[in-house]
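Here the structure is laid out as structure tokens; the discussion comes afterwards.
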Amino acid sequence: ERNCLEWAKKYFDDKLVGTTAVVGELSAEVTSVDSVSGDVDLNIRKGRLIAIYDVEIKLSWTAAKKGSEDTLSGTITIPEVAHDTDAYVYDISASKSTKDALPLKDFVRQKLTPEITKKFEVFTEDLKQANGTDMYIPGNGPNDTPSGVSVASAPKQERPSVVDSSV
């Protein structure tokens, strides 16, 4: 088992900050990843590399209308980004709740969150590629050696051909 939470924190910071949505005169952008908490692990089960994760992610965002001084900022909390989920809940809060701010907050919900979801859809594969290439998977290579270890340097284990359980 490999704990990959620190890698995931950097990954989400790299992938989510700068995510934007622009439609007509409206724009919104993720400005920071404020926190990533939970579990992100890689395991090997039945000879397969398995990603198991369940994290809460908190983001900050800004939105604006072109040609207007109206800008809005706020946070998005995604309480569960998990290996067994593809429907995400986005809790969106805004710095102002005025009538003028409502279209910008709605824009974040309707247009920015789908862009964030796209980033989550590739997380499992990116996690495995970045962290699982050197994990030992039985039956995955010549003489069952861990990937990245040459056959010549891998210690060979003698296996008894007959096991006597009466001893």
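Where a number appears in this text, it was derived from the coordinates with a stated rule and is not lab data. Predicted model, so just to flag it, every value in this text is computed and none were measured. In this analysis, Cβ positions are derived from the backbone assuming ideal geometry, glycine residues included, and neighbour counts consider all displayed protein chains.
Pull out a ≥ b ≥ c, the square roots of the eigenvalues of the alpha-carbon gyration tensor of segment 64-107, then state rounded if a/c is under 1.5, prolate if not and a/b is larger than b/c, and oblate in the remaining case. Note, shape of segment 64-107 comes out prolate.
Modelled label positions at Arg109 and Ile92, each set 7 Å beyond Cα in the direction of Cβ, lie 0.7 nm from each other. Near Trp7, once Lys and Arg are set to +1 and Asp and Glu to -1 for all other residues with Cβ below 13 Å from its Cβ, the sum equals -1. Indicate the gyration tensor shape class of segment 1-130 (rounded, prolate or oblate), computed on the Cα atoms with a ≥ b ≥ c the square roots of the eigenvalues: a/c under 1.5 is rounded; otherwise a/b larger than b/c is prolate and the rest oblate. Prolate is the answer for segment 1-130, as a/c is 1.5 or above and a/b outweighs b/c. Specify whether the C-alpha gyration tensor of segment 1-67 places it in the rounded, prolate or oblate class, a ≥ b ≥ c being the square roots of the eigenvalues: rounded for a/c under 1.5, otherwise prolate if a/b is larger than b/c and oblate if not. Prolate. For Thr124 and Val23, a Förster radius of 30 Å and the Cβ-Cβ distance give a FRET efficiency of 0.55, rounded to the nearest 0.05.
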